[in-house]
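Down below is the structure, laid out as structure tokens.
The values are calculated or read from the model by the stated rules, or taken from the named source; none is laboratory data. Here the structure is a predicted model, which is why all the values come from computation and not from measurement. Neighbour counts are summed over all protein chains in view; Cβ atoms, including those assigned to glycine, are modelled from backbone coordinates with ideal geometry.
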Amino acid sequence: MKQFRTGLVVGKFSPLHLGHELVIQRAMAACDETLIISYSEPELPGCDSYQREQWLRARFPQAVVLVLHNDQHTLPHNDADALVHRRLMGWACTHLLNRQVDAVFTSEDYGDGFAAELSRNFGGRPVQHMMVDQARALVPVSGTQIRNDPHGLRAFLAPEVYASFVQTVCFLGGESSGKSILAEAMATSLQTVWAAEYGRELWVAKNGQLDYEDMRHIGEMQQLRERQLRGQGKRFLFCDTSPLTTLFYSREMFGRADPALEHMAGQAYDHVFLCAPDFDFVQDGTRRDPGFRLRQHDWYVAELARRGMRHVLLSGALPQRIATVLDHLNGASYFTPSYTSLVKNSPLMT
């Protein structure tokens, strides 16, 4: 028998960090059932309600998760009187979750008053406040600190949460346009990871005999690979191609594409770079010919325009392309001064 039947944890979770997770874990250890409620008005940068819901469900699938979305509910401002927030939570428990709680878990002094108000909302049902790591001795961090430096404080974030702060950078281009070399070079330069092209690996494994059904599988595996690697990245995940490339080959090889692949091809990336076919074509035994490369490049240009996907054209030798990518990312303010110094001094820039 656990200490309580139903426990409650409430927070903005912006973002969900290991301090929050400690409170939730303590609640789950002490309660048969744990309710997690999250809301914030206004939303805080990088932590919208739908993102928070994904984090909570991924990390605590056995809990009852309720996220109040700003586009569905009129929520009190974060700075509103504490009584307003406490009564809202009492209402949410009884009217949205059809439950009353026996304990509320927090790491704050307000927990005693919160528990007392919940008890009044529940018609006098006793609600106990359970304090967890109030001094922040076990997890010395705050949401404000992490929002200001999610990369420097990534040790306080679960991989599923940190992945949301990793920018995805996709390289597209025709055959022998340097995208694989560039993706690996950028990952090396910025000390992060890159997602290699699964389609090429399958092509080699099957001796170039791909079936129509392989196209959807390639797209799915490419997306899965990116999801798995994103939490391992450092600021960026560099992606060698995307399902858009698989869509091209499906239409080219079979004259059609699976509807699921068509949908995957619309996947959004934070940054898209198109590698120009402006150096000698290299035949590695798996490629077509220079004319095909040009036709493929023209297809990318037209398709990206049709889909309204912004991109940057990369041309010249590898150092020039790396410099263009860095300038773009630097212009988007994704580097700290020390990080900028690191990449400028990289041997890949010489």
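Restricting the search to segment 53-74, which residues are over 26 Å from Phe4 (Cα atoms) and either of a type in the set (Asp, Glu) or assigned to a helix (DSSP H, G or I) (or both)?
First, pick out the residues of segment 53-74 that are over 26 Å from Phe4 (Cα atoms): 54, 69-74.
Within segment 53-74, Gln54, Asp71 meet the criteria.
Counting only residues that are small (Gly, Ala, Ser) and either part of a loop (DSSP other than H, G, I, E, B) or touching a Phe, Trp or Tyr at 6+ places or on another chain (Cβ under 6 Å) (or both), how many does segment 194-212 have? Give the derivation first.
Here is the first cut: in segment 194-212, the residues small (Gly, Ala, Ser) are 195-196, 199, 205, 208.
Filter again for either part of a loop (DSSP other than H, G, I, E, B) or touching a Phe, Trp or Tyr at 6+ places or on another chain (Cβ under 6 Å) (or both), leaving 196, 208.
The qualifying residues number 2.
Residue-wise test of (1) modelled with pLDDT under 95; (2) not assigned by TED's automatic domain parsing to the domain that holds Pro319.
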site: Ala158; (1), (2): no, yes
site: Leu172; (1), (2): no, no
site: Glu175; (1), (2): yes, no
site: Ala185; (1), (2): yes, no
site: Trp194; (1), (2): no, no
site: Trp203; (1), (2): yes, no
site: Tyr212; (1), (2): no, no
site: Leu229; (1), (2): no, no
site: Leu247; (1), (2): no, no
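Does segment 56-70 contain any residue that is buried (at least 23 other Cβ atoms within 10 Å of the Cβ) and either among the small types (Gly, Ala, Ser) or at positive phi (or both)?
No, segment 56-70 contains no residue that is buried (at least 23 other Cβ atoms within 10 Å of the Cβ) and either among the small types (Gly, Ala, Ser) or at positive phi (or both).
Tally the residues that are out of contact with any helix residue (DSSP H, G or I) (no Cβ under 9 Å at 6 or more places or on another chain) and assigned to a helix (DSSP H, G or I), restricting the search to segment 142-167.
Final tally of qualifying residues: 3.
Say whether the condition of being aromatic (Phe, Trp, Tyr), modelled with pLDDT of 90 or more and surrounded by 12 or more Cβ atoms within 10 Å (Cβ to Cβ) is met by at least one residue in segment 272-285.
yes
When the residues of segment 194-220 are narrowed to those that are touching a Leu at 6+ places or on another chain (Cβ under 8 Å) and surrounded by fewer than 18 Cβ atoms within 10 Å (Cβ to Cβ), which ends up farthest from Pro159 (Cα to Cα)?
Out of the qualifying residues, it is Trp203.
Answer yes or no as to whether Ala257 is hydrophobic (A, V, I, L, M, F, W, C), at pLDDT 95 or above, over 22 Å from Val169 (Cα atoms) and surrounded by 14 or more Cβ atoms within 10 Å (Cβ to Cβ). If you could, list the steps in order and put the result at the bottom.
Working: hydrophobic (A, V, I, L, M, F, W, C): yes; at pLDDT 95 or above: yes; over 22 Å from Val169 (Cα atoms): yes; surrounded by 14 or more Cβ atoms within 10 Å (Cβ to Cβ): yes.
Here the answer is yes, as Ala257 does meet what is asked.
Within segment 20-38, is even one residue in a loop (DSSP other than H, G, I, E, B), surrounded by 15 or more Cβ atoms within 10 Å (Cβ to Cβ), modelled with pLDDT of 95 or more and touching a Ser or Thr at 6+ places or on another chain (Cβ under 9 Å)?
Our first condition is that a residue be in a loop (DSSP other than H, G, I, E, B); within segment 20-38, this holds for none.
No, segment 20-38 contains no residue that is in a loop (DSSP other than H, G, I, E, B), surrounded by 15 or more Cβ atoms within 10 Å (Cβ to Cβ), modelled with pLDDT of 95 or more and touching a Ser or Thr at 6+ places or on another chain (Cβ under 9 Å).
Looking at Met130, is it assigned to a helix (DSSP H, G or I) and hydrophobic (A, V, I, L, M, F, W, C)?
So Met130 fails the test.
For Glu41, state whether it is of a type outside the set (A, V, I, L, M, F, W, C), assigned to a loop (DSSP other than H, G, I, E, B), within 26 Å of the chain's Cα centre (by Cα) and surrounded by fewer than 22 Cβ atoms within 10 Å (Cβ to Cβ). Give the steps one after another, and end with the answer.
Working: of a type outside the set (A, V, I, L, M, F, W, C): yes; assigned to a loop (DSSP other than H, G, I, E, B): yes; within 26 Å of the chain's Cα centre (by Cα): yes; surrounded by fewer than 22 Cβ atoms within 10 Å (Cβ to Cβ): yes.
In short, yes.
In this structure, is Phe171 in contact with a Gly (Cβ under 8 Å, 6 or more places away or on another chain) and closer than 30 Å to Thr324 by Cβ? Break it down into steps so the answer makes sense when it comes.
Values: in contact with a Gly (Cβ under 8 Å, 6 or more places away or on another chain): no; closer than 30 Å to Thr324 by Cβ: yes.
The answer is no for Phe171.
So that you can scan it fast, the table gives a plain yes or no per residue for (1) without any contact (Cβ under 8 Å) to a residue 60 or more places away in the chain; (2) outside the structural domain of Val141 (by TED's automatic domain parsing); (3) within 27 Å of Ala137 (Cβ to Cβ):
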{"residue": "Arg52", "(1), (2), (3)": "yes, no, yes"}
{"residue": "Thr74", "(1), (2), (3)": "yes, no, no"}
{"residue": "Arg87", "(1), (2), (3)": "yes, no, no"}
{"residue": "Val101", "(1), (2), (3)": "no, no, yes"}
{"residue": "Gly113", "(1), (2), (3)": "yes, no, yes"}
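Residues in segment 118-127: is at least one charged (D, E, K, R), surrounded by fewer than 18 Cβ atoms within 10 Å (Cβ to Cβ) and more than 33 Å from the chain's Cα centre (by Cα)? Working first, answer last.
Keep residues of segment 118-127 that are charged (D, E, K, R), which gives 120, 125.
Of the ones still in play, those that are also surrounded by fewer than 18 Cβ atoms within 10 Å (Cβ to Cβ) are 120, 125.
Applying the additional criterion that residues be more than 33 Å from the chain's Cα centre (by Cα) yields 120, 125.
Yes - at least one qualifying residue is present in segment 118-127.
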